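The values are calculated or read from the model by the stated rules, or taken from the named source; none is laboratory data. A quick note: this is a predicted structure, and the numbers were derived from the prediction, not measured. Here Cβ is always computed from backbone atoms with ideal geometry, including for glycine, and neighbour counts include all displayed protein chains. These area figures cover heavy atoms from the full protein model, side chains too; ligands, DNA and RNA do not enter into them. Shrake-Rupley method; radii C 1.70, N 1.55, O 1.52, S 1.80 Å.
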Amino acid sequence: MTSLKKSPLHERHVALGAKFAEFGGWEMPLEYGGVVAEHTAVRTSVGVFDVSHLGKATVKGPGAAAYVNSCLTNDLGKIGPGQAQYTLCCAEDGGVVDDLIAYLHADDDVFLIPNAANTAEVVRRLAEQAPDGVVVTNTHDDYAILAVQGTHSDDVVAAIGLPTGHDYMAFAVADFSGTPVVVCRTGYTGERGYELVVPNDAAVAVFDALLVAGEQYGIVPAGLGARDTLRTEMGYPLHGQDISPEITPVQARSGWAVGWKKEHFWGDAALRAEKEAGPKRVLRGLRAVGRGIPRPHMTVGGAEGALGEVTSGTFSPTLKKGIALALLDAGVKEGDQVTVDIRGRQEAFEVVKPPFVTVNVRQD
């Protein structure tokens with residue numbers, strides 16, 4: 001049995017009393033003092049997540065950005081150096097191999113953050129077809145990633161001497177005690193926040209500094225349990241559940257992350273055909289009418305029988321009710337009433353358009 005990888009902050013998490021779980025081959029904090037408390041801290045003040053399990057890879061060499069743009073779905077030509085972009089790596093049949101963030105440093109330098117379990121496959125695919133002079137390197141184990149999320153994220157990040165206030169999906173490279181740190185206005189919670197890409201040997205110092213600086217704002221270390229409830233409230237997809245090799249961007253309503261005007265990207269023929277014909281199933285939001293709490297793989301039904309299944313489901317700490325993302329027959333529309341089979345009970349849900357809550361992610 002392969003042993004789980006550990007974050008460079010693992011001992012800090014142990015000292016903080018974290019409960020751990022496996023995420024993409026890594027042993028990562030699930031929670032410290034409770035998922036609801038950590039979720040609420042991010043929505044109302046500030047929290048810090050260790051997401052070092054996320055992948056890291058570089059694509060460097062003449063024409064690196066153009067090469068990445070010919071492979072991944074989104075149009076990298078729409079952004080410039082110092083900006084980041086959400087994009088998808090698709091198979092030829094249109095299924096999603098992974099979703100990731102591309103950081104454009106220069107025309108010859110792109111940094112990628114895939115999901116933990118998919119990093120090796122994304123790197124393999126890019127390396128396999130890379131033109132001469134373009135080098136794809138898996139740097140998964142070289143960096144930690146810390147996500148500072150919440151209303152007071154600017155205050156905390158600025159207090160440790162790092163830049164804040166840049167545009168959403170923009171990044172800056174700054175110095176922290178002699179170590180270069182990438183500071184990007186991104187996150188997976190919906191709140192205003194920053195993700196810090198830190199070389200492993202500086203990770204503990206940055207983490208400790210953030211906790212000290214955030215003490216006056218009530219900062220809490222937050223685990224991946226709260227990260228999941230926060231992202232579900234936003235309707236953000238999770239690879240392996242809401243998008244996957246079997247679920248295309250067209251079905252997941254992620255067509256906004258596809259550069260339809262580009263000449264080519266992996267899976268383009270299949271995705272263009274599906275878009276033209278219309279998908280047979282679509283990812284929708286569900287909000288509980290009563291007290292039902294949905295979970296993945298539960299059956300969604302209507303008067304005429306099964307309509308699909310829940311892909312992500314949870315209790316929303318903000319709304320105090322059950323919410324879900326569900327892959328449903330294309331004929332199901334917003335405003336429709338459906339049921340979810342929760343351990344044999346048919347609980348009522350309304351079909352809605354995510355996000356489920358109002359947040360500050362793009363606030364200037």
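Numerical summary
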| quantity | calculated |
| --- | --- |
| Region 28-79: proportion of alpha-carbon pairs further apart than 13 angstrom, % | 72 percent |
| Full-stretch length increase - LYS19, LYS320 - with 0.36 nm per residue and alpha-carbon distance subtracted | 106.0 nm |
| Rounded accessible area of LYS19 (nearest 10 Å², 1.4 Å probe) | 120 Å² |
| Proximal lysine pairs, the chain, alpha carbons under 14 Å, eight or more residues apart or interchain | 6 |
| Probe 1.4 Å - accessible area at VAL14, Å² to nearest ten | 70 Å² |
| Most mobile of VAL42, VAL135, VAL198 in a GNM of the chain (Cα contacts under 10 Å) | VAL135 |
| Projected area averaged over orientations for region 88-214, convex hull of C-alpha atoms, nm² | 8.9 nm² |
| Protein-only accessible surface order, largest first, of PHE171, PHE265, PHE20 at 1.4 Å | PHE20, PHE171, PHE265 |
| With all protein chains modelled, accessible area of ILE247 [1.4 Å, Å²] | 10 Å² |
| FRET efficiency, VAL357 to ALA303 (Cβ-Cβ, R0 30 Å, nearest 0.05) | 0.50 |
| Distance between modelled label sites at GLU246 and ASP167, nm, 7 Å Cα→Cβ extension | 4.0 nm |
| Electrostatic dipole magnitude of region 116-221 [Cβ: Lys, Arg +1; Asp, Glu -1; Cα centre; debye, to 20] | 200 debye |
| Inter-centroid distance (Cα atoms) of region 1-62 relative to region 75-96, Å | 25 Å |
| Percent of alpha-carbon pairs separated by more than 22 Å within region 18-115 | 47 percent |
| Shape call, region 170-211: gyration tensor on alpha carbons, a/c limit 1.5 | oblate |
| At R0 = 51 Å, FRET efficiency that the Cβ-Cβ distance of ASP109 and ARG295 yields, to 0.05 | 0.75 |
| For the chain, convex hull of alpha carbons as volume per residue, Å³ | 143 Å³ |
| Percentage of interatomic Cα-Cα distances in region 233-322 larger than 23 Å | 34 percent |
| For region 131-271, projected area of the alpha-carbon convex hull averaged over all directions, nm² | 11.2 nm² |
| Angstrom value of the Kirkwood radius, inverse mean 1/r, which spans all Cα pairs in region 204-265 | 15.0 Å |
| Gaussian network model of the chain, Cα within-10 Å springs - most flexible of GLY94, GLY55, GLY165 | GLY165 |
| Pairwise label distance in nanometres, GLN216 with ALA330, each label 7 Å out on the Cα-Cβ vector | 5.6 nm |
| Shape call, region 148-195: gyration tensor on alpha carbons, a/c limit 1.5 | prolate |
| Cα gyration tensor category, rounded, prolate or oblate, for region 272-364 with a/c compared to 1.5 | oblate |
| Cα-projected label distance for LYS275 with GLU350, points at 7 Å along beta-carbon direction, nm | 3.2 nm |
| Region 226-292 versus region 165-217: alpha-carbon centroid distance in Å | 29 Å |
